[in-house]
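Undergrad: Let me begin by handing over the structure; questions about it come next.
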């Protein structure tokens, strides 16, 4: 029994062996797969998304170069400071590239940013943006609108087109995505109200959360996704000042207007210059939630330097905008912008993306952006395009602005005009000379007395004659006096000269008359007077 029992137990163990061995292998497989998954998830890079709107393919590349470079350590080579440079495909429709964000030591990768680029705000590109906004991607997404200082008079018009396109895309999203967008906006508003100040100002709130109500004009038109406006090419500000005569009033108006309309979206603003250190990288990374593990960098605002402006999200307010320059209608601009970003009333966009005209064409033409009360019209009336003003005769860039630019004539045309003027002056001189009948000899020999004022400046003229220093002016004066003393004698001789000549003529006439009266004789054969025959 024991043997049977032991045999049965052995058999049982042996019979159960084959069944338990596969389960053991399956368990090992599960263990290894879970370990590999955990390691892979630990090494998996945080994925961030950035949608870049506006600009040209060239300006987008300059923006990405400025974003990828790290000006904190200029001693590092460009390859290490920029990291791995990925190819950029942005020539057609929706472009794409990516960037790896390196830590302070340039060894560890903190995150990978997928960058989508779009240059044209046409509504036909809206279907390309919808797949980029999902419940999973919205919390990790930042929208950047690129503007260029080469044409600041078009900024508000470009912003209007991009905001309208974004609003049309966001409205067409599904409900789960809209719920996540509302949560993201609530989180950003809480940062403004003081629940999390570390991300923008670096101020710790050890006393607990301090709730601050939102001010007027703040977060009135939230888009559901963080927004950053980058004004690229701030080095052209000096060019606008020199060539177009812009002054501080124009630059202050642009800054006040931009900050007012961006405050309604809770957006940030920054002026950047190519190849110069700026806060663009800190602003973009802090907005995306990318922070260095080795060095904590605090983002600081800057509204003093006109070419290095940095306005972080949740920092600005109406009070800070008013102090730039008095007279700015911040309430009117804010209300006009809320109307401006609405779709034109004459058109309704259906689900297929086609527009249906519901009003007359005249009513559609008077949509926001064309009348004098719209935000675009207010901005473009103050900040005008110098090229359009120069094309209209009699127009000026600003009513009280002095025109600096001068159009020069062609050189040959200018010389031809001057030659004609010289010929006219020459003809007038000839007419004056004939009218006065001035002898040319007298005209060519000026009076010595008239040049006395010249001698006063050059002094007396002296020369050496036989070792004696002779004053030329003194000698000339003596010669004039001598000539003057001889003038009476010459006049006397001149008066007596006619009588002497008359007597001589009479004597000669009588002599020849006597010779004629003696016929047949000759002067040689005639006897002398008083001789006898």
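Bear in mind that the values in this text are calculations on the coordinates, not laboratory data. The model shown is predicted, which means the values in this text are computed figures rather than measured ones. Positions of Cβ are generated from backbone atoms using ideal geometry, with glycine treated the same way; all protein chains shown enter the neighbour counts.
Undergrad: If you project the alpha carbons of region 143-184 onto their three principal axes, what span does each projection cover, largest first, in Å?
TA: 41, 17, 10
Undergrad: By what distance, in whole Å, do the Cα atoms of region 94-197 stretch along each of the three principal axes, largest value first?
TA: 40, 35, 29
Undergrad: Highest mean first, how do 141-150, 304-313, 287-296 rank when packing is the count of other Cβ atoms within 10 Å averaged over residues?
TA: Ranking the peptides 141-150, 304-313, 287-296 by packing returns 141-150, 304-313, 287-296.
Undergrad: Another one. Multiplying the sequence separation of residue 134 and residue 479 by 0.36 nm and subtracting their Cα-Cα distance, what value in nm do you get?
TA: Extra length available between residue 134 and residue 479 comes to 112.7 nm.
Undergrad: Sort 319-330, 154-165, 256-267 by packing, meaning the average of other beta carbons within 10 Å per residue, with the highest value first.
TA: 256-267, 154-165, 319-330
Undergrad: How do 182, 481, 140 line up, fewest other C-beta atoms within 10 Å first?
TA: Listed from fewest to most nearby Cβ atoms, that is 481, 182, 140.
Undergrad: Viscosity 1.567 mPa s, temperature 4 °C: give me the Stokes-Einstein translational D for region 249-340 in µm²/s, with Rh taken as the Kirkwood radius over C-alpha pairs.
TA: 90
Undergrad: Can you put 429, 471 in order, fewest other beta carbons within 10 Å first?
TA: Arranged by neighbour count, lowest to highest, 429, 471 become 429, 471.
Undergrad: Kindly put 97, 56 in sequence by how many other C-beta atoms sit within 10 Å of each C-beta, fewest to most.
TA: The most exposed by this proxy come first: 56, 97.
Undergrad: Also, quick follow-up: Using a 10 Å cut-off on Cβ atoms, rank the peptides 473-479, 114-120, 297-303 from the highest mean neighbour count down.
TA: Final packing ranking: 114-120, 297-303, 473-479.
Undergrad: Computed FRET efficiency, Cβ-Cβ of residue 421 and residue 187, R0 60 Å: what is it to the nearest 0.05?
TA: FRET efficiency, residue 421 to residue 187: 0.20.
Undergrad: Now, a different point. Taking region 217-273 on its own, what percent of its Cα-Cα pair distances exceed 16 Å?
TA: Everything past 16 Å amounts to 52 percent.
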